[in-house]
1. For segment A:17-126, give me every one of the helices (runs of 4 or more DSSP H) that falls completely inside it and has 1 or more residues that are in contact with a helix residue (DSSP H, G or I) (Cβ under 8 Å, 6 or more places away or on another chain) and either more than 17 Å from B:LEU232 (Cα to Cα) or modelled with pLDDT under 90 (or both).
2. Do you know which residues across segment A:134-151 are surrounded by fewer than 19 Cβ atoms within 10 Å (Cβ to Cβ) and either in a strand (DSSP E or B) or more than 22 Å from the chain's Cα centre (by Cα) (or both)?
3. Residue by residue through segment B:151-171, note down the ones that are over 17 Å from A:GLU99 (Cβ atoms) and either within 14 Å of chain A (Cβ to nearest Cβ) or at pLDDT 95 or above (or both).
4. Just to be sure before I move on: is B:THR36 more than 23 Å from B:VAL130 (Cα to Cα) and either within 19 Å of the chain's Cα centre (by Cα) or surrounded by fewer than 20 Cβ atoms within 10 Å (Cβ to Cβ) (or both) in the structure I sent?
5. Check off (1) surrounded by fewer than 23 Cβ atoms within 10 Å (Cβ to Cβ); (2) within 19 Å of B:LEU40 (Cα to Cα) for B:LEU212 and give me the number that stays unchecked.
6. Enumerate the pairs (first residue in segment B:22-51 and in contact (Cβ under 8 Å) with a residue 60 or more places away in the chain and facing chain A (nearest Cβ under 9 Å); second residue anywhere and surrounded by fewer than 20 Cβ atoms within 10 Å (Cβ to Cβ) and among the basic types (Lys, Arg)) with beta-carbon separation below 6 Å, excluding pairs fewer than 6 apart on the same chain, so at least 6 apart or on different chains.
7. Would you mind stating whether A:ALA32 is among the hydrophobic types (A, V, I, L, M, F, W, C) and within 12 Å of chain B (Cβ to nearest Cβ)?
8. Considering only residues that are aliphatic (A, V, I, L, M), more than 13 Å from every other protein chain (Cβ to nearest Cβ) and under 22 Å from A:ASP175 (Cα atoms), which ones fall in segment A:98-127?
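The values are calculated or read from the model by the stated rules, or taken from the named source; none is laboratory data. Values in this document were obtained by computation on a predicted structure and should not be read as measured data. Here the Cβ positions follow ideal geometry from the backbone for every residue, glycine too, while neighbour counts run over all protein chains shown.
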Amino acid sequence: MKKLVLFTVLGSMLLTGCQRNNSSSTDQPTIALVLKTLNNPFFIDMQKGAEDASKKLGVKLLVQAAEREVDVEKQMQIIENLIQTKVAALCITPSGSKEIVPAIVKANKVGIPVLIVDTRVNQPALDAAGGKISGFIGSDNLEGGRVAGQFIVKALQGKGKVAVLEGIPGHETGDSRLKGFREIMANNPGIEIVSSQTANWERDQGYTVFQNVLQAHPEIQALFACSDLMALGAVEAISAAGKTGKIIVVGFDAFSEARDAVMKGTMAATIAQSSYDMGRTAVENALHVLRGEKIQEDISLGVQLITKENAKPVSAQ
Amino acid sequence: MKTRYLLQVYGRQFGTLFGLIALSIVLWILTPHFMTVSNLLNVAQQTAIVAIIAAGMTFVIITAGIDLSVGSVLAFSGVVMATLLLGGLPLGLALLSGVGTGLFCGLINGLLISVGRLPPFIATLGMMSVARGAALVFTEGRPVSGFSDSFRQIAVGEVLRIPAPVVIMLAVYLIAHFVLTRTKLGRYTYAIGGNEEAAILSGVNVRLYRTLVYGLCGGLSGLAAIILTARLNSAQPIAGIMYELDAIAAVVIGGTSLIGGEGTVFGTLIGALIMGVLRNGLTLLGVSSFVQQIVIGSVIIVAVLFDMAWKTNRK
């Protein structure tokens, strides 16, 4: 029996060992991309973008992610482990804007440059800890929130009741989208936010939370969800309540399933941010940093409103 | 005679230890980054939080119980301590409040189980939700962060070059081992799990000791919360999700039977280290995070298969 354990362990280690990219040529720098999770199409697209860029540029790419999007501690462990393997550069999508700071400081200590992707680091916390990042690549989430708000204002003709599904509080991306959205709502007193609750970025919670919201506020005319996953969950809840098409649903991310939903009309709009481009730009800029070239410290990738007119899936990606 | 006795009592632990060593040797061969002082300290540090929770869980599982609430209790203890600390409470008192919150939740678990006669699974499942909700209500869902350097020393400080969390973990295990093998609480823990009827008949206050065991488990979750908060420089109300499963896995890999009545804390420590070394090693090797879950799950299953076979052989 002891042998069985040993064989299983040995076997699985050897099996996984073989999975390693052949790293015979050591002159290729290794760039690591640490994602929040891989249980989300948004991050899978990002991984794809990073992979394509690394192939084109001839660098080695390692992609790692925690099992759950909320698990900052696991993400920190992954970063600590990658530091041990002496990767040349780290690209991180922080699972917590403040919580990631100690990990960045650890990378700084051994001289590994850090690029932050998608979710901003909390600047005061970074400064207080004496941490340094080489650059930030992400979309303009504040603007995205505004675009979503303007769309809803226009669709409701300046008057009505709306609900919001928030992401995890403390995540810069969700907070910025919310801020942008609320800014527009504040300028349009005819529109009232009757409910604003978190569904923790998750699809199933989008369903249950919005189902409950609908119970309390059946008069809701529009919903802004800070991510498409939550929006798609809410779409199911709307369909279960027999209100398909009666509530304007606006999501964020514009991954392919959401684009399909917009085509079908179950969602009215979504905000496109290209995680594929983020992954690609992150790897490109990491290489610039490694070569000692100067990069723009804050690279903002634009957002785009996706409605029925332009919702065709971007199959090229 | 003596060796035979030792082999019988500790043989199972040698098996687990052997597994840990074998795993380490394999990793040593496969990657140059594994067997370095800095990486081994790194693994020990990463293991500390789950290992400390698992020490308490070992007591609970030896009584044939289970505690599903540890992750939520950790989150609640963390935010309570963090809020008080930022509110100006002296460091020592704030730390006590963290452990105290965990202890309080644990004692409630214990009372629900021993006096309220609820099955441990149900009582702690309820607490899992209550403590998580309490943590969210307490913070309005936002992380609490920004602590003094003296507090952060709990995570970044070193004693003789050994990271402070590792020192705390070792201290917890030495004390837990002492309590389990040399005190009344320890002996009764085995007695309750081994044969509750017999324990009652021989005059053991089962209600009291069972409550204490859950209190201990909660208190250790509070201690783990302090380290986690210092490590991330932030106390999150959503921290510790699924930690109960990591802790239970460590206990089970370490040879403690879920039926109760037997087990050791050092087995649990080795179990926690096996999980930590696996996660670390798989990342060093660049294995995809999807495959990692398969490997970790398989190791848990194989370890328990091995445990059952060992016990059958012995009979």
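1. A:41-57, A:72-84
2. Within segment A:134-151, just A:GLN150 meets the criteria.
3. B:GLN153, B:GLY157, B:GLU158, B:PRO163, B:ALA164, B:VAL166, B:VAL167, B:ILE168, B:MET169, B:LEU170, B:ALA171 - these are the residues of segment B:151-171 that are over 17 Å from A:GLU99 (Cβ atoms) and either within 14 Å of chain A (Cβ to nearest Cβ) or at pLDDT 95 or above (or both).
4. So B:THR36 passes the test.
5. Just one mismatch for B:LEU212, condition (2).
6. none
7. yes
8. Within segment A:98-127, A:LEU115, A:ILE116, A:VAL117 meet the criteria.
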